[in-house]
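Working notes, structure below.
The values are calculated or read from the model by the stated rules, or taken from the named source; none is laboratory data. What you are looking at is a predicted structure, and each value in this text was computed from that prediction instead of being measured. Neighbour counts run over all protein chains shown; Cβ positions are idealised from the backbone, glycine included. All accessible areas refer to the heavy atoms of the entire protein, side chains included, with ligands and DNA or RNA removed. Shrake-Rupley method; radii C 1.70, N 1.55, O 1.52, S 1.80 Å.
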Amino acid sequence: MSKQNPEKPAPIYMTPACAQKLREELREILYKLRPDMVKTVTWAAGLGDRSENADYHYAKKKLRWFDGRIRFLSQRLEAAMIVDPLEQKAIAKGRVLFGCTVTVENEEGVEKVFSIVGADEFDATRGYVSWTSPIGKALLGTSEGDVISFKTPGGLSELEIIQVEYKALE
């Protein structure tokens, strides 16, 4: 009989700032929010008939949500490949890699700045794009002066890479 090894989950890339945020959220749930909710469940259970006790049912539902979130965050952090943008600079040789901040110019001459981050960090308002997004995939491996094309819901877009830099991301 051969032993089956469960496959290890694929790595999840994230910056140190993202990993820190996830750790802080996990700590908050484990040591504050969940224990407070356990107290609420205990209090609500003491009120009597649980079948019609809305406080009890809400607290139990919230407790299940916390437990699910704890599992999710623990698994994400366990599988995380934490990539420091400042360390990427040493191996990048001017190319766009994960954690890079890129200044681009579109066909109309408008400049935009994007930082290539993990899926847990995506934030369009800050210019944080996931490395798995169409623009993230198109930017990876390019250098200053390169022109990239990628598909958007509005059609094909073209961008010129103006600047490639590596700096700490928040």
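A few remarks follow.
- P153 free of Cβ contacts under 8 Å to residues at least 12 places away in the same chain and more than 25 Å from E24 (Cα to Cα): yes
- Any hit, region 74-96, residues being at positive phi and in contact (Cβ under 8 Å) with a residue 12 or more places away in the chain: yes
- Any hit, region 157-170, residues being within 14 Å of the chain's Cα centre (by Cα) and in a strand (DSSP E or B): no
- Of the set (1) open to solvent by less than 30 Å² (accessible area, probe 1.4 Å); (2) more than 30 Å from M37 (Cα to Cα), all apply to V113 but (1).
- When region 141-156 is filtered for residues that are open to solvent by 20 Å² or more (accessible area, probe 1.4 Å) and not in a strand (DSSP E or B), the ones remaining, listed by number, are G141, E144, G145, D146, P153, G154.
- Hits in region 141-153 - residues which are within 16 Å of V113 (Cβ to Cβ) and either hydrophobic (A, V, I, L, M, F, W, C) or in contact with a Leu (Cβ under 8 Å, 6 or more places away or on another chain) (or both): I148
- Taken as a whole, region 14-36 holds no residue that is in contact with a Gly (Cβ under 7 Å, 6 or more places away or on another chain), part of a strand (DSSP E or B), open to solvent by 80 Å² or more (accessible area, probe 1.4 Å) and at pLDDT 95 or above.
- Inter-residue pairs, beta-carbon under 8 Å, first loosely packed, with under 15 Cβ neighbours inside 10 Å and in region 119-140, second part of a strand (DSSP E or B) and modelled with pLDDT under 95, 6+ apart: P134/F150; P134/K151; P134/T152
- The test for being β-branched (V, I, T), open to solvent by less than 80 Å² (accessible area, probe 1.4 Å) and under 19 Å from Y13 (Cβ atoms) does not hold for I161.
- For region 24-38, the condition holds for at least one residue, the condition being that it is of a type outside the set (A, V, I, L, M) and in contact (Cβ under 8 Å) with a residue 40 or more places away in the chain.
- Whichever residue in region 97-118 is touching a residue at least 12 places away in the same chain (Cβ under 8 Å) and assigned to a loop (DSSP other than H, G, I, E, B) and, among such residues, is nearest to I12 (Cα to Cα): G118
- Scanning region 73-94 for residues that are part of a helix (DSSP H, G or I), farther than 20 Å from E165 by Cβ and open to solvent by 80 Å² or more (accessible area, probe 1.4 Å) returns Q75, E78.
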